[in-house]
Amino acid sequence: MSTTAEPAATEPAAEGAVETRGLEPVPDSERNGHVGQLFPTWVAANISVLLLTMGAGLVVFNGLNFWQALIAAVVAPAVSYGLVGLISIAGKRGGSPGMALSRAVFGQRGNLFPGSLIWVARWGWETINAVTGAYAVLTVLDLCFGVQSSTPLVIATLLLFVACTFVVSGLGITALQVCQKWSTYLFGVFSVLVLIYLVANTDWASVFAKPAGSTAMLIAGIGTIAAGGISWVPTGPDFTRYLPRTADAKRMVTASIGGAGIVIVPMVLMGAVMAVSTPDLAKAQDPVSFIGELLPTWISVPYLVIALVGMLLINSMSMYSAGFTAQTLGINVPRAWAVSVNAIISLVFGFLLMVVATSFMGSFISFLTLLAVAFSAWIGVFGIDMLKRHDYDGEALMDTTRTSAYWYSGGFAWSAMIAWAVALVIGLLFTKVEWFTGPLATTWLGENGLGWVVTTVVAGVLYAVLPRAQAREPRAADTPSI
């Protein structure tokens, strides 16, 4: 950990081609964003064909019918991206990335613990997306040119995808917003074409004849779909720190839910419908190539290309935030270069998943389950803190020495640390994945996949009742509450 206060950048945040601002708060004079930008942001964060596979999983693995899949597709983004929108309010209050604001909650040293766990979890998320993007490239090459997959080609496509991700995320917020806007338009057009094709060519009698699954499997399905959105919660402030302090909080939440929901609902339903005639879709090692089998080439190729751009943006957004997280851990390099660490890691892990792993979907679902628990412990503590805190001391956030107002006791806010650690352990007790089964995983909560809910509630309740660490009064002027 650094022993001196971190220097603040003097150049504008997002002027020019490359964003130069790091963790330091965005001054009011540079807060030129608007709430409407959040809608395409969260649309872009969900342009992934994995949603089709997850929708198929609701039918094949959870045994749900069409109407239950619809409920899961609607409820999941409302819950998960509702949390994203709520936590992102902290971004407009403090003007810093989420994991920098987290220093005010956990202490300058204490924040290293949840920060490290979230950073490591980002490795897995970026690996999953890099692999899916590489599979999309391989599928397009096969459909258009008849090029068959091989280990050298796997390495080449994975390297190409990660390199493009690094470039976009390294450029920063302006490049991301431009790409998000146009990918939203294009993906929307081709998604409508896919929907029209499915409506015209689906055996709807078979779809609606499928019997309903259990309520337990419906709840578990909601949790699986919601897990992806939960992983974005700590990064929500990263995309709202350029909003003015007066930005409407309700609109921020609505834009987050709406942007995600407009993609998640139709894609999950499309996957559920496809699974009736193609149940193997839910358990394919390659989660992308089936699209070429189910759709005509004139739809599948452009759809995959646009989806490829979307997956590149998802990974770029994740690496963008991961760069900030790395900086909070004391990696004292510019944000753009901090991104390179995650790029290299996702390249190595991506190769192992594509070439060595035997079950992509099994690994993916297990990862999502653990990811939700890991992030939920932080969400519970940070969320309760937000209810009590309406401003952040920008100077104290950047001061990692004992002089910081957020140094607390030896650099730790022990009430936050205890609540986070206890909740994390308890949540894992209720969790079951391919390679780990908690002792309480067979209870009602465990069987319904609610380990992440338990984690959030325990973290929030504990932090609310424990004595709160006291910081000095903020040096900055009070910010307006919402």
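Per residue, the chain exposes 37 Å² of accessible surface when a 1.4 Å probe is rolled over the protein heavy atoms with every protein chain present.
Rounded, prolate or oblate: pick one for region 244-331, where a ≥ b ≥ c are the square roots of the eigenvalues of its C-alpha gyration tensor, a/c under 1.5 means rounded, and failing that, prolate if a/b is larger than b/c, else oblate.
prolate
Note that region 28-465 shows a convex hull volume over its alpha carbon atoms of 128 Å³ per residue.
Pairs of lysine residues in the chain that meet both criteria, 8 or more places apart or on different chains and Cα atoms under 26 Å apart, total 7. For the chain, carbon and sulfur atoms together expose 69% of the accessible surface, with a 1.4 angstrom probe and every protein chain in place. In a simple Cβ point-charge model (Lys, Arg +1; Asp, Glu -1; nothing else charged), the chain has a dipole of about 720 debye relative to its Cα centre. Relative to the longest principal axis of the Cα atoms of the chain, the long axis of helix 173-201 lies at roughly 30 degrees. Its DSSP H runs of at least 4 residues, each contributing -39,500 (n - 2.57), put the calculated 222 nm mean residue ellipticity of the chain at -22000 deg cm²/dmol, to the nearest 500.
The values are calculated or read from the model by the stated rules, or taken from the named source; none is laboratory data. This is a predicted model, so every value here is computed, not measured. Neighbour counts run over all protein chains shown; Cβ positions are idealised from the backbone, glycine included. Side chains are part of the model used for accessible areas, which takes the heavy atoms of the whole protein and leaves out ligands, DNA and RNA. Shrake-Rupley method; radii C 1.70, N 1.55, O 1.52, S 1.80 Å.
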